[in-house]
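*Asks:* Handing you a structure now.
Derivation of every value follows stated rules applied to the coordinates shown; laboratory data play no part. Only a predicted model underlies this, so the values are computations on that prediction, with no experimental measurement involved.
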Amino acid sequence: MNTFTKDAGRFLKKAESDAMTDTYRARKREMGIKDDECVRSEFFGLDQVMQLLNKPGCVGLRIHQAKRREDGTGTPDESGSLKPRVLLTAVDERGRDITARSAQTGLKDDPDDDDSTLGSGYTCPQHCGQ
C-alpha cells in the first residue's frame, strides 16, 4: 500500500490542536525561552504553496524542520542566533521530494537556481495574526 497519497494526514479538533501547541509553548518556557522569543508558527502565502502543489506528479507537501542563523528581524545573518524554520517541498507518490534536479531532462539551467524548496515564511511572534 502506498502511504504517499493526496489524502494523507487528518484534520484535528480544536481541543487537540490547542493541547499540542500549548504543550510546545510550555516546554519552551521550561527551557527559559520567553513567549515573544519562541517561534510558534510560520506563514506561507497561497501563491507560493500552489506553485509547489502544481508541480507535475505532486501528491502533497513535506515539511522539513530546519535552523538558520538570523538577526532579530528574521534576516539571514551568520552572526545572528540560531532560529527554527520550516522548509516545504513538493512530494511525489513514491515519497520523493520533487526538486529541479530530479525533474531535469537535459536542460541547461543551473540546478542550484531552482524553485523546489519554499522557505523564509513570516514567523510568529514577529508576524502573528491580529
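*Asks:* Name the long-range amide H neighbours of Arg85: under 5 Å, sequence gap of 5 or more, or other chain; modelled H, no Pro or chain starts.
*Replies:* Amide H neighbours of Arg85, under 5 Å, 5+ apart: Ala66, Lys67, Arg68.
*Asks:* For a test of understanding, tell me how many lysine pairs in the chain have Cα atoms under 22 Å apart, given they are 8 or more places apart or on different chains.
*Replies:* Eligible lysine pairs with Cα atoms under 22 Å apart amount to 8.
*Asks:* Let me ask something else. Where the Cα atoms of the chain are projected onto their three principal axes, how long is each span, largest first, in whole Å?
*Replies:* Result, largest extent first: 51, 40, 26 Å.
*Asks:* When the chain is treated as a GNM, springs tying every alpha-carbon pair under 10 Å, which of Ala19, Ala90, Ala66 comes out with the largest mean-square fluctuation?
*Replies:* Evaluated over the chain, the most mobile residue of the options is Ala19.
*Asks:* Rounded to whole Hz and in sequence order, give me ³J(HN,Hα) for the stretch 30-43 from the Karplus expression 6.51 cos²θ - 1.76 cosθ + 1.60, θ = phi - 60°, writing x for Gly and Pro.
*Replies:* Result, rounded to whole Hz: 4, 7, x, 8, 6, 4, 7, 10, 8, 5, 9, 6, 9, 9.
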